[in-house]
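Take a look at the structure set out below.
The values are calculated or read from the model by the stated rules, or taken from the named source; none is laboratory data. No experiment lies behind these values; they were computed from the predicted model shown. Please note: Cβ atoms are built from the backbone with ideal geometry, for glycine as well, and neighbour counts cover all protein chains shown. For accessibility, only protein heavy atoms count, side chains too; no ligands or nucleic acids. Shrake-Rupley method; radii C 1.70, N 1.55, O 1.52, S 1.80 Å.
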Amino acid sequence: MASRQYRLVVDGELGDYVEAAFDTMTLTREEGRTVFEGVVRDQAELQGLLRRVSDLGLTLLSVTAIGEEAGRRLGT
């Protein structure tokens, strides 16, 4: 798998302390949600991010591959 940009959305507007746990991602807050965006190298890194969400007890709302390349690969 080639590197791909992802968007992970979790429930709640989390504080800056969470940003350290997702150091390769950019954190923004939108309408009661926290959004992490960044380039993910491979499936192992993506699984690590998802495991971190779970380990922190966060509610995952969505995971989306973003960008033109991701859209072509996902058939959109």
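For the range 10-27, how many residues are over 17 Å from Glu45 (Cβ atoms), open to solvent by 60 Å² or more (accessible area, probe 1.4 Å) and either among the polar types (S, T, N, Q) or not in a helix (DSSP H, G or I) (or both)?
Here the count works out to 2.
Name the residues in the range 29-41 that are exposed (fewer than 12 other Cβ atoms within 10 Å of the Cβ) and within 20 Å of Ala65 (Cβ to Cβ), would you? Quick ask: steps written out before the conclusion?
Just the residues of the range 29-41 that are exposed (fewer than 12 other Cβ atoms within 10 Å of the Cβ), to begin with: 30-32.
Glu30 - this is the single residue of the range 29-41 that is exposed (fewer than 12 other Cβ atoms within 10 Å of the Cβ) and within 20 Å of Ala65 (Cβ to Cβ).
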